[in-house]
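Just below is one structure, and these are the notes that go with it.
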Amino acid sequence: MCERLVNEGHDVICLDNFFTAQKSNVAHLLGRPNFELIRHDVTVPIFLEVDQIYHMACPAAPGHYQFNPIKTIKTSVMGSINMLGMAKRCGARILLASTSEIYGDPLIHPQPESYWGNVNTIGLRSCYDEGKRVAETLFMDYHRMNKVDVRIVRIFNTYGPRMHPYDGRVVSNFIRQAIQGQPITIFGEGEQTRSFCYRDDLVEGIFRLMNNEDGFIGPVNIGNPGEFTIRELAELVIQLTGANVKLEKRPLPPDDPTRRQPDITLAKKHLEWEPKIPLQQGLQQTIDWFRSIDFDHYRPPTPNFV
Ligand code: UDP
């Protein structure tokens with residue numbers, strides 16, 4: 001997002017507490033006169049003068065957000081209040097990075113924005129799922145009560161270069177494991193599905209939503225409707241890396257959603273957006289990036305990490 005905004009000529013202030021991000025991901029922007037980087041945690045108020053806010057803070061990979069679940073929900077609740085307060089004070093437009101996780105383990109397939117979800121309030125994923133649900137509520141209430149110009153994007157599984165190789169997510173795990181010649185860890189039977197959107201497609205969708213002048217059109221799903229089982233993903237990664245590795249079954253984590261696929265009718269209609277990069281091509285670009293990095297530069301987030 002930063003790269004895109006800087007290249008578009010915007011004056012960008014990037015706030016990051018670096019819990020999951022790497023400074024190396026934005027190091028190339030540091031010399032640009034329209035880019036500024038501040039180490040800051042959004043649970044703490046901050047006073048800046050801005051006209052657009054992309055509120056994307058919160059670890060999104062289960063391994064990261066479950067590391068400190070209380071901090072995760074604080075990030076979504078207090079972080080949203082702080083950012084919405086800034087939007088209100090400055091009269092800025094503000095976009096929330098929400099998530100397909102607000103649909104929980106969906107009973108409707110594919111998921112349209114009108115679906116209210118099937119979410120466990122007391123499970124291991126709740127700190128993230130419920131945090132983002134509260135964030136959406138806060139955005140709506142600031143919109144209704146204070147006329148803040150809000151945007152809500154529901155982001156489905158996303159992958160691409162510069163993702164954290166030890167974030168524990170399925171794409172990063174499988175590619176890293178294949179490159180390192182380790183077994184591919186399949187949780188459960190691998191029959192659960194996800195729909196994977198390439199990073200650049202997501203950035204384009206978010207950018208269009210922020211700059212859409214149709215007014216508030218409600219939350220918008222941004223994701224790639226191409227749906228794959230986890231086993232199919234493993235086979236594709238093995239094929240593209242040419243790795244000679246086995247599949248190894250691991251227990252399915254609790255509350256792991258069975259199926260997930262975005263209905264993107266709304267994004268197509270209002271944003272004229274749809275993803276352009278098919279999974280095979282996006283995976284190849286991600287694999288090339290994973291091959292170019294030094295894994296020792298990144299550290300696993302938790303001791304029991306696979
Ligand atoms: N998964 C897997 N092996 C891994 C990591 C994840 O089989 O090494 C599965 C996980 O159980 C889930 C799917 O892949 O069903 C996507 O997991 P991820 O953590 O990437 O995202 P999320 O569950 O939040 O969609």
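So the values come out like this:
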| quantity | calculated |
| --- | --- |
| Of all residues making up region 47-104, the number that are touching a residue at least 60 places away in the same chain (Cβ under 8 Å), of a type in the set (F, W, Y) and either at positive phi or open to solvent by 40 Å² or more (accessible area, probe 1.4 Å) (or both) | 2 |
| Any hit, region 255-275, residues being at pLDDT below 95, in contact with a Gly (Cβ under 6 Å, 6 or more places away or on another chain) and within 13 Å of the ligand (Cβ to nearest atom) | yes |
| Region 230-248 - residue that is touching a Ser or Thr at 6+ places or on another chain (Cβ under 9 Å) and within 26 Å of N118 (Cβ to Cβ) and, of those, farthest from the ligand (Cβ to nearest atom) | E232 |
| A178 vs. criteria out of contact with any Asp or Glu (no Cβ under 8 Å at 6 or more places or on another chain), assigned to a helix (DSSP H, G or I) and open to solvent by less than 30 Å² (accessible area, probe 1.4 Å) | yes |
| Qualifying residue in region 217-231 (condition: open to solvent by 40 Å² or more (accessible area, probe 1.4 Å) and over 22 Å from L202 (Cα atoms)) | yes |
| Residue pairs meeting the criteria (Cβ under 9 Å; at least 6 apart or on separate chains; first in a loop (DSSP other than H, G, I, E, B), in region 1-19; second surrounded by 18 or more Cβ atoms within 10 Å (Cβ to Cβ) and among the hydroxyl-bearing types (S, T, Y)) | M1/Y54; N17/T75; F19/T75 |
| Pick from region 186-207, criterion within 16 Å of F228 (Cα to Cα) and open to solvent by less than 10 Å² (accessible area, probe 1.4 Å), ranking: farthest from the ligand (Cβ to nearest atom) | Y198 |
| Test for H164: is it over 13 Å from the mean Cα position of the chain (by Cα) and either open to solvent by 30 Å² or more (accessible area, probe 1.4 Å) or more than 8 Å from the ligand (Cβ to nearest atom) (or both) | no |
| So I102, is it farther than 22 Å from L37 by Cβ, in a helix (DSSP H, G or I) and within 16 Å of the ligand (Cβ to nearest atom) | yes |
| Breaking point among (1) part of a helix (DSSP H, G or I); (2) acidic (D, E); (3) in contact (Cβ under 8 Å) with a residue 12 or more places away in the chain, for D296 | (3) |
| Condition broken by F295, with the remaining ones in (1) open to solvent by 60 Å² or more (accessible area, probe 1.4 Å); (2) within 16 Å of the ligand (Cβ to nearest atom); (3) not polar (S, T, N, Q) satisfied | (1) |
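The values are calculated or read from the model by the stated rules, or taken from the named source; none is laboratory data. Please read all numbers here as calculations on a predicted model, not as lab measurements. Cβ sites come from the backbone with ideal geometry, for glycine too, and all protein chains shown count toward neighbours. When the accessible area is computed, the model is the full protein with side chains, heavy atoms only, and any ligands, DNA or RNA have been set aside. Shrake-Rupley method; radii C 1.70, N 1.55, O 1.52, S 1.80 Å.
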